[in-house]
1. So, of the residues in the range 141-166 that are among the hydroxyl-bearing types (Ser, Thr, Tyr) and surrounded by fewer than 17 Cβ atoms within 10 Å (Cβ to Cβ), which turns out to be nearest to residue 49 (Cα to Cα)?
2. Can you name the residue in the range 74-90 that is surrounded by 13 or more Cβ atoms within 10 Å (Cβ to Cβ) and of a type in the set (D, E, K, R) and is also nearest to the chain's Cα centre (by Cα) among such residues?
3. Restricting to the range 31-56, name every residue that is exposed (fewer than 13 other Cβ atoms within 10 Å of the Cβ) and over 19 Å from the mean Cα position of the chain (by Cα).
4. What strands (runs of 3 or more DSSP E) completely inside the range 46-104 contain at least 1 residues that are out of contact with any Lys or Arg (no Cβ under 9 Å at 6 or more places or on another chain)?
5. Enumerate the pairs (first residue in the range 94-110 and closer than 21 Å to residue 193 by Cβ and in contact (Cβ under 8 Å) with a residue 60 or more places away in the chain; second residue anywhere and in a strand (DSSP E or B) and acidic (Asp, Glu)) with beta-carbon separation below 6 Å, excluding pairs fewer than 6 apart on the same chain, so at least 6 apart or on different chains.
6. Mind checking which residues of the range 100-128 are modelled with pLDDT of 95 or more and hydroxyl-bearing (Ser, Thr, Tyr)?
Amino acid sequence: MILFPPPLSSYPRNSPCYGQRVKMENRFGSKPKPATIKLKPIEATPETFQEFGQVVEASDDGDLFSSKDAQLDLTHGIPRLYIMKIEKRPLEFASITHHARVTQCLGSIGGHEWYLGVARPSLSENLNESESDLAKNGVKASSGHLYEPPRVEEIRVFKISGSKFIKLNRGTWHAGPIFKAESMDFYNLELTDTNLVDHTTHHFKENGVVFFIDD
C-alpha cells in the first residue's frame, strides 16, 4: 500500500494545511516527486472488462447482430474510422482521458499485445446518489458536462491480446494504447471532432502519483 499526501487542491485555501503545503513546495522549489503505483494487468475478456465497455472477439461469417457485437453510440456527430500509428509508448502513464459524447473502439492491427489503463465512467449521469459527491468534487469540462475526477484506487490496467478490439463506454477513463514494441498501428472509431471538442483529461500529478504497468 502506498501512502501519499492529498493534492494541494484538496485543501481549502484558508486552511492552515494549505499554507503549510505551499510553504513546503516553495521551500523545496517543486512539488514532491510523484509516488509510483505498480499495477498488474488483467487479461481483457468480455467478463473482466464489462464495467468499462466491451471486448469484441471474432465471430463466424454470417452471424447475426447480437449483444456480443459492439453496442455503439455515434449519434452526436459524424463517425470517423481511421488507422493511427503510435510510437514509443512505455509501460507507464501519468494522465487519463474520457470522451463524454461517443463510444470509442480501439484495436491492434495484427492482433499484437497491448495495454490500456482504465477507470469506470464518472459522468454525472453515471453516478447514483450514494456514490456521487458532485457538489464537493464535481468538475465542469470545457465541453460543458459535469464529472468527478477518477479515483486513484479504482485505476485498472488491462492486457489485450490476439484478434479482438475494445469498445469503451461513453465516459470511460482510458490511458493508452500502451505497448512494449517500438511502434504499433491501431484502428480507431470515434467522431470526426472527438479530439477537438470531447477530450477531457485528468493529470495524476494532482494526486501525487504515476502508474507503472508491471508485466
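1. Step one: filter the range 141-166 for residues among the hydroxyl-bearing types (Ser, Thr, Tyr), giving 142-143, 147, 161, 163.
Narrowing further to those that are surrounded by fewer than 17 Cβ atoms within 10 Å (Cβ to Cβ): 142-143, 161, 163.
Working: 142: 28, 143: 27, 161: 13, 163: 16 Å.
So, considering only residues that are among the hydroxyl-bearing types (Ser, Thr, Tyr) and surrounded by fewer than 17 Cβ atoms within 10 Å (Cβ to Cβ), the one nearest to residue 49 (Cα to Cα) is 161.
2. Per the stated criteria, the residue is 89.
3. 32, 33, listed by residue number.
4. Where strands (runs of 3 or more DSSP E) fall fully within the range 46-104 and carry at least 1 residues being out of contact with any Lys or Arg (no Cβ under 9 Å at 6 or more places or on another chain), they are 79-87, 95-98.
5. 102/190; 104/190
6. 103, 108, 115
The values are calculated or read from the model by the stated rules, or taken from the named source; none is laboratory data. Just so you know, these numbers come straight off a predicted model, no measurement behind them. No Cβ is skipped: glycine too gets one built from the backbone with ideal geometry, and neighbour counts run over all protein chains shown.
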